Amino acid sequence: MAKHKTHFEDCDVLVVGGGMAGTGAAFEARHWGRDLKIICVEKANIDRSGAVAQGLYAINCYMGMQWDENQPEDHVRYARNDLMGMVREDLGYDMARHVDSTVHMFDEWGLPMMKNEKTGRYLREGKWQIMIHGESYKPIVAEAAKKSADKIYNRIMITHLLMDEAKENRVGGAVGFNMRTGDYYVFRAKTVIVAAGGASHIFKPRAVGEGMGRTWYAPWSNGSAYALPIAVGAKMTQMENRIVLCRFKDGYGPVGAYFLHLKTYTQNANGENYEKKWYDQTKELVGEYIDHHPTPTCLRNHAFIQETIAGRGPIQMVTTEAFQDPHLETVGWENFLGMTVGQAVVWASQNIDPKYTNPELTTSEPYVMGSHATCSGAWVSGPEDLSPPEYFWGYNRMLTVEGLFGAGDTVGGSAHKFSSGSFTEGRLAAKAAVKYIEDKKAENINVSDKQCEDFKKVIYKPLENYTVGRNEITGGTVSPSYILPIQGLQRLQRIMDEYVGGIATNYMTNGNMLKKGLELLKWLEEDLENVGAEDYHQLMRAWELKHRALTSQCVTEHTLFREETRWPGYYYRGDHMKLDDENWHCLTVSRRDPQTGKFTLEKVPVYHIVDEKEKKKAS
Ligand SMILES: Cc1cc2nc3c(=O)[nH]c(=O)nc-3n(C[C@H](O)[C@H](O)[C@H](O)COP(=O)(O)OP(=O)(O)OC[C@H]3O[C@@H](n4cnc5c(N)ncnc54)[C@H](O)[C@@H]3O)c2cc1C
């Protein structure tokens, strides 16, 4: 253990993860906390980290309030509709009312925005999306964070949160290790903002073996945003609401610009419009939700999945008409070159020119995240002026652990934030964290040396497991006393895939399968005590796996708890195939007891604040 040097850093605001939400948090923390010490710790390098690493072609959340294009209420209704009613409207409204100011700053900071030359308005791709030349998106927001924070630590993976030993249920910082040097880092902090992105690779991906890593969601997002708070007993919400994406096959190129801007459409292999064929069957399952406009994302997936199961795939995107227009053809290609170069490469390798061939679409394996058309994540306090008492406990975006805040994919219940909304939520969380410090709520935090030393032993144990166990084998990778991270990952993915509603079962699961899944996950947890890492990179893989496994337990518990199929197309409960508004028009909230590892779940009311307000106004 002495081999790994320990570094101590004390600070006021610690931001874990320097993606969209983390950079927003670092920026805003400095605005409100001029004299505070602000540290941001990132697993990769913030210039190119997180889901926006490669760039984006559109900012998907912009109201355009100055031109009265949309108001925050409209966005709440939109997100509520898309998530089949299940969102935290206080959080969504709060994000939406501030998101335009974030986008205007991006514009000032030099992000190339596409504008109408005559009106000066941002060019819209759809009702909520505006178009950008966004290859440089991430370095631009990273620069704002670098100028704001006292220090950015790159290449440090945070593995655990520290807890205050003077006051129960109050955070005290975080620990992790540098993946290049192997050094141990202790960050003692008055407040911690977790902004560590969502989770890919917990369900078995379509691309395995040589194609592993080719997923829609960033392959390096490993659920730390969930595992860190879960491990210290923070409450989580809507973890069953995993997302499945309809995307171009193999490259996972986005379809938004194609549908919205190029006006392309889908068809089955026989050239038929299949979506309307599933109307009656879907109505049987979800009732009037199928009549909502726009059709919720999961229900569009549902038609796709059912049509494929019926044997009329592959489903194609009809590009051959739009691509005859040279301008649309350029937009179609640029859309990939700015953010998913791999899709263009896949098409080139398969001899697909979308001008002459309609490319295939697919539905992805499920991912867990909180900022897209999905809202898994931590149960947080909302803003003072909007939230009903059950949703408010003092500080905006504070989790149920004192001093611990969240933003972006970390936060549950608030879907459709996307890149701009995640940055905005980081700003909101940071403002509240600074207030928490100013209100003297973070005084006399005590984190003992013992707590830090204990974590140090735990963190490096996989290196020891490997060093001791490797002598038992003379060749190959199968050891009697340790498992490698890749072996554990594949086991996790199979459990989730086969029992919790992955691609193996066409997203189908049921109570019995989920219980079996939980049993297998428990055994995996036990075996992960014996994960072996041969170097620091594998040590990172080991901890990524542990975070994924804990996240998976939470997802499975939630999926078991909600006895209905709320989002057909994301997953199905075969034993409860229908949406059940009478019993399940509510949010699900879980807590894992850090001592026993047992989860308890509860139903929490979902308040439709926006229309209630309007109803009251009218009466
Ligand atoms: C494929 C894809 C396409 C998208 N397209 C669009 C789009 O066109 N327009 C749009 O507006 N939005 C888009 N989004 C959404 C947008 O990217 C996300 O909403 C946003 O990035 C979420 O911000 P975040 O900070 O929560 O996560 P991220 O931006 O992913 O940041 C998380 C950060 O945490 C770091 N991290 C993780 N674990 C640890 C750890 N243990 N210790 C330290 N650091 C850690 C990661 O390295 C990463 O930098 C897209 C997302 C995806 C996945």
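Values computed for the structure shown
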item	result
Condition met for His133 (touching a residue at least 24 places away in the same chain (Cβ under 8 Å) and part of a strand (DSSP E or B))	yes
Count - residues of the range 403-423 that are under 10 Å from the mean Cα position of the chain (by Cα) and of a type in the set (Phe, Trp, Tyr)	1
Any chance Glu210 is without any contact (Cβ under 8 Å) to a residue 40 or more places away in the chain and either assigned to a loop (DSSP other than H, G, I, E, B) or within 12 Å of the ligand (Cβ to nearest atom) (or both)	no
Failed item, numbered, when Gln350 is tested on (1) open to solvent by 10 Å² or more (accessible area, probe 1.4 Å); (2) modelled with pLDDT of 95 or more	(2)
Test: residue in the range 532-552 that is touching a helix residue (DSSP H, G or I) at 6+ places or on another chain (Cβ under 9 Å) and on the phi > 0 side of the Ramachandran plot	no
Lone unmet requirement of (1) within 14 Å of the ligand (Cβ to nearest atom); (2) open to solvent by less than 10 Å² (accessible area, probe 1.4 Å) for Phe203	(1)
Among the candidates Glu564, Glu582, residue that is open to solvent by 40 Å² or more (accessible area, probe 1.4 Å) and either within 30 Å of Pro389 (Cβ to Cβ) or more than 23 Å from the chain's Cα centre (by Cα) (or both)	Glu582
Selected residue (criterion: surrounded by the fewest Cβ atoms within 10 Å (Cβ to Cβ)) from residues of the range 353-380 that are touching a strand residue (DSSP E or B) at 6+ places or on another chain (Cβ under 7 Å) and β-branched (Val, Ile, Thr)	Thr362
Among residues of the range 273-292, those that are touching a helix residue (DSSP H, G or I) at 6+ places or on another chain (Cβ under 9 Å) and either of a type in the set (A, V, I, L, M) or touching a residue at least 40 places away in the same chain (Cβ under 8 Å) (or both), counted	8
Residue within the range 236-243 that is open to solvent by less than 60 Å² (accessible area, probe 1.4 Å), more than 16 Å from the ligand (Cβ to nearest atom) and in a loop (DSSP other than H, G, I, E, B) present	yes
In the range 165-188, the residues that are more than 16 Å from the ligand (Cβ to nearest atom), surrounded by fewer than 23 Cβ atoms within 10 Å (Cβ to Cβ) and in contact (Cβ under 8 Å) with a residue 60 or more places away in the chain	Glu165, Ala166, Lys167, Asn169, Arg170, Arg188
Residue among Gly342, Gly394 that alone is within 16 Å of the ligand (Cβ to nearest atom) and not basic (Lys, Arg)	Gly342
Test: residue in the range 21-37 that is within 6 Å of the ligand (Cβ to nearest atom) and on the phi < 0 side of the Ramachandran plot	yes
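The values are calculated or read from the model by the stated rules, or taken from the named source; none is laboratory data. What you see is a predicted model, and the numbers here were worked out from it, not measured in a lab. Glycine gets a Cβ as well: all are built from the backbone with ideal geometry, and neighbour counts include every protein chain shown. Side chains are part of the model used for accessible areas, which takes the heavy atoms of the whole protein and leaves out ligands, DNA and RNA. Shrake-Rupley method; radii C 1.70, N 1.55, O 1.52, S 1.80 Å.
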